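J.: Right, I'll just put the structure down here and ask away after.
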Amino acid sequence: MATSTPAYPPARDLLIGKAMLITAAAGSGIGGALALRAAEEGAVLMLSDTHERRLGETADRIAAAGFARPATHLCDVTDEAQVRALVAATVEQLGRIDVLVNNAGLGGTAAVVDMTDDQWDKVIDVTLTSVFRMTRAVLPHLYAQRGGVIVNNASVLAWRAQKLQAHYAAAKAGVMAFTRCAAMEAAEHGVRINAVSPSLAMHAALDKVTPPGLLEELTRREAFGRYAEPWEVANVMIFLASDLSSYMTGEVVAVSSQHA
């Protein structure tokens, strides 16, 4: 039997005054939920995505909730020039970057025997290489100010086998390994890099791209008998972005009701 979804948490001022850049922040998924939670916790925001209309709607939703309307900037994280422009725009408009959240990712369903190079390359580029590009572009700013945080979005599929997900799982495993290695380099500069690893966070876009019956099957496997709300994953990202996790770096935190 499924447990009920817990009450939405009250704000605790965990990110007061922090300048935060979030990629893939549009829509109803983890990025959009994180943007609202970050605003509630006092962050000053730059939101980025490739979807102009949905990005504007996310910013409008935050403003309608009584917070300052976030800055927004269109960016394709597979394009180095656009990544550099996003980072420059964030520094110009917010004055600094304290937190980067690498939330961009691309899924898909394909058997290895049928998978094309293009399918493989696209998932790897959006899901893994973008994390490298964004981190590389932001680290000089964090190093110069001797502090800051990067939070990456991985997936439990990096640990668990699931058929038809070899490209996505490989990309997310790469995010985990990149997080750990980059964190060791950044530590001497006072910069922390961690990741979350969600299992199943439900949102409208996920339902549209998942084969029939799979979400129901995955939901039944969860110990709570339900999927996570996107804001439940965002809560852990907020923790990692905040000073409460000051001694954590190179860690991957599973946001899951199953064993990793």
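J.: Please compute the contact order of the range 4-132 in relative form: average sequence separation of alpha-carbon pairs under 8 Å and at least six residues apart, divided by the residue count, as a percent. Write down the numbers at each step before the final one.
T.: Working: 197 pairs, mean separation 32.3, N = 129.
Across the range 4-132, relative contact order equals 25 percent.
J.: Mind checking the per residue accessible area of the chain for me, 1.4 Å probe, whole number of Å²? Intermediate results must be reported in sequence, preceding the final value.
T.: Working: 12040 Å² over 260 residues.
So the chain comes to 46 Å² accessible per residue, rounded to a whole number.
J.: Where nothing but the Cβ of Lys and Arg (+1) and of Asp and Glu (-1) is charged, how large is the charge dipole of the chain around its Cα centre, in debye to the nearest 20?
T.: Here the chain has a charge dipole of around 360 debye.
J.: Oh, and also: Stokes-Einstein at 20 °C, 1.002 mPa s, Kirkwood radius from Cα pairs: D for the range 151-204 in µm² s⁻¹?
T.: D = 178 µm²/s.
J.: Residue by residue through the range 228-241, what is 3J(HN,Hα) from phi via Karplus (6.51 cos²θ - 1.76 cosθ + 1.60, θ = phi - 60°)? Round to whole Hz and write x for glycine and proline.
T.: 7, 6, x, 6, 6, 5, 4, 4, 6, 5, 4, 4, 5, 7
J.: Would you check the chain for Lys pairs whose C-alpha atoms are within less than 25 Å, ignoring same-chain pairs closer than 8 in sequence, and give me the count? Could you put the intermediate results ahead of the total?
T.: On the way: Lys122/Lys163; Lys122/Lys172; Lys122/Lys208; Lys163/Lys172; Lys163/Lys208; Lys172/Lys208.
Total qualifying Lys-Lys pairs in the chain comes to 6.
J.: Here is a further query. Looking at the range 1-136 from every direction and averaging, what is the projected area of its Cα convex hull in nm²?
T.: Working: hull surface 42.9 nm².
About 10.7 nm², averaged over all directions.
J.: Positive end of the charge dipole of the chain (Lys, Arg +1 and Asp, Glu -1 on Cβ, about the Cα centre): tell me which of Pro230, Ala24, Val126 has its Cα farthest that way.
T.: Projecting each Cα onto the dipole axis, the largest value belongs to Pro230.
J.: Quote the convex hull volume per residue of the range 1-67, based on C-alpha atoms, as a whole number of Å³.
T.: 101 Å³
J.: Residues in the range 224-240, backbone N under 17 Å from the label point at Thr5 (7 Å along the Cα-to-beta-carbon vector): list them, ranges by number please.
T.: Those under the cut-off are 224-236.
J.: In the range 1-68, what percent of the accessible surface is made up of carbon and sulfur (1.4 Å probe, ligands and nucleic acids excluded)? Before the final figure, lay out each step's value.
T.: Details: 1720 of 3100 Å².
Of all accessible area on the range 1-68, carbon and sulfur atoms account for 56 percent.
J.: Follow-up question, since we're still on this one. Could you tell me the center-to-center distance, by alpha carbons, between the range 49-95 and the range 114-157 in angstrom?
T.: Each part reduced to its Cα centre gives a spacing of 17 Å.
J.: Can you give the extra length, in nm with one decimal, that the chain gains between Glu80 and Leu164 once fully stretched, where that is 0.36 nm per residue apart less the Cα-Cα distance?
T.: Gain on extension, Glu80 to Leu164, equals 27.3 nm.
J.: What does the accessible area of Glu40 come to, in Å² to the nearest 10, when a probe of 1.4 Å is used?
T.: 40 Å²
J.: For the chain, report the % of Cα-Cα distances exceeding 24 Å. Mind dumping the intermediate values first?
T.: Numbers: 14899 of 33670 pairs.
That fraction is 44 percent.
J.: A further question follows. When only C-alpha pairs under 8 Å and at least 6 residues apart count, what is the relative contact order of the chain, in percent?
T.: Here the relative contact order equals 21 percent.
The values are calculated or read from the model by the stated rules, or taken from the named source; none is laboratory data. Note that this is a predicted model, so its numbers are computed, not measured. Neighbour counts are summed over all protein chains in view; Cβ atoms, including those assigned to glycine, are modelled from backbone coordinates with ideal geometry. Just so you know, the surface numbers come from the protein's heavy atoms only, side chains and all, with ligands and any DNA or RNA stripped out. Shrake-Rupley method; radii C 1.70, N 1.55, O 1.52, S 1.80 Å.
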